[in-house]
1. Determine which single condition Asn333 fails, assuming it passes every other condition in (1) more than 6 Å from the ligand (Cβ to nearest atom); (2) modelled with pLDDT of 95 or more.
2. Looking at this structure, is Glu51 among the acidic types (Asp, Glu), at pLDDT below 95 and part of a loop (DSSP other than H, G, I, E, B)?
3. Do any residues in the stretch 144-159 that are open to solvent by less than 50 Å² (accessible area, probe 1.4 Å) have Cβ atoms under 9 Å from those of residues that are modelled with pLDDT of 75 or more, where the two are at least six apart or on different chains, and which pairs are they?
4. Taking the stretch 235-262 only, how many residues are in contact with a helix residue (DSSP H, G or I) (Cβ under 8 Å, 6 or more places away or on another chain) and closer than 24 Å to Leu203 by Cα?
5. So the check is Cβ under 9 Å with 6+ separation or different chains; which pairs have a first residue in the stretch 242-261 that's of a type in the set (S, T, N, Q) and a second one that's in a helix (DSSP H, G or I) and buried (at least 18 other Cβ atoms within 10 Å of the Cβ)?
6. How many residues does the stretch 162-184 contain that are outside any loop (DSSP other than H, G, I, E, B) and open to solvent by 70 Å² or more (accessible area, probe 1.4 Å)?
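The values are calculated or read from the model by the stated rules, or taken from the named source; none is laboratory data. Since the model is a prediction, treat every value here as computed from it, not as a measurement. Note that we place each Cβ from the backbone using ideal geometry, even for glycine, and neighbour counts take in every protein chain shown. Accessible surface areas use protein heavy atoms only, side chains included; no ligands, DNA or RNA. Shrake-Rupley method; radii C 1.70, N 1.55, O 1.52, S 1.80 Å.
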Amino acid sequence: MKTENLQKPLVLYLDDERNNLISFKAMFRLDFDIKLASSAEEALKMLSECEPHVIISDYRMPFVSGIEFFEKVKERYPKPLRVLLTAYGDMNALTEAINKGNIYRYIKKPWVEQEIRDVVRDGFEFYFTKNELAIRNKELVEAHKDLDRFVYSVSHDLRSPLMGILAISNLLSKSNNFNEIKEYTELISKNVGRLDEFIHNLLEYYKIKRGELTIKQIDFNELLATLAEMYESDAKSKNIHMTYEVEQDEEFNNDPLVIIVAIQNLISNAIKYQRENNPDKWIRIKAIVEGSLVRIVVEDNGIGIDPEYQPRIFEMFYRATAAAMGSGIGLYNAKHALDKLGAEIKVHSVLHEGTKFEIIIPSK
Ligand code: ADP
């Protein structure tokens, strides 16, 4: 038996006849938790405050019928199971309500104690099965998205260093010059390093995904120095002046790998989306620890992002430009990783002037 089902079913019973309400409560108070309402309005108000597993309503009431009431309930509160109490003459309306899916079961009046018990118990079980199914479906959709992401990541982040290695090896095989050979070998080892880093990040990402955060004390001087070193040669080769600055007097704890994954994506974009003809290209990275938060800024004076596209750049596969190669996963990855930390990421960008990403992460 599922743990949720160890609790009692919460039943909302709506009937305009007070005597029925009283006898219902007297009869089932030990089996169910019960809420009573003598009008549809009162019942709707209760529904806005708590969610029962099962709602039982009388069909014949003075202002709205039980079916009309359930129509409203279905729209606003679709999760509870709806059970209608009807007398014999109401069969036509009942058939319609069943066909429209507005009720889960009906019970004929006068009701029999055991029938109410059985219907509520079934409804209670069904409530959990249905909701569990919805959770599993959501997880499945997420898993599919992940798989797509993986395929695109492989083509994007794994292929480009591989293609680089292939091109350099061709050059290498034709060269007799020692200095050239040395330079090519270094380039190959750099690309192999990028591949290794990618695989490492991928594994780390799946670790994050499974919820295994590794909280550690973070020294942002050390963290940004590592990142700056990682991107130094790439930035230099493109004439980009990259600087970083840290203000940290307090201790900060969180998962450094998740933070690194996010900043890496921002830096590689800042390198990628520079303006070709700009003589003074720069990237500024800042980390400021204030109280129990860190504010990390990655800013560039590159091509900027059209305001129309800005709201969509964190979506998977979304690309706002064809100015450089990309797959549209980087920022999705960054946001996904940061969500795990309860962090926030914002963008401020002016087209043809530059882009500033700001991340705010709480200490754990
Ligand atoms: P990719 O870079 O692979 O296309 P991302 O998810 O990393 O995918 O980024 C989504 C889009 O956001 C990019 O296609 C680009 O248009 C825009 N973008 C991201 N960072 C920057 C930046 N620093 N400057 C200009 N545009 C950017």
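1. Condition not satisfied by Asn333: (2).
2. yes
3. Filtered contacts from the stretch 144-159: Arg149/Tyr332; Arg149/Asn333; Arg149/His336; Ser153/Asn333; Leu158/Leu195; Leu158/Ile199.
4. Residues that pass the stated criteria total 8.
5. Gln248/Phe220
6. Keep residues of the stretch 162-184 that are outside any loop (DSSP other than H, G, I, E, B), which gives 162-174, 178-184.
Still in the list and also open to solvent by 70 Å² or more (accessible area, probe 1.4 Å): 162-163, 166, 170-171, 173-174, 178-180, 182-183.
Looking only at that region, the number is 12.
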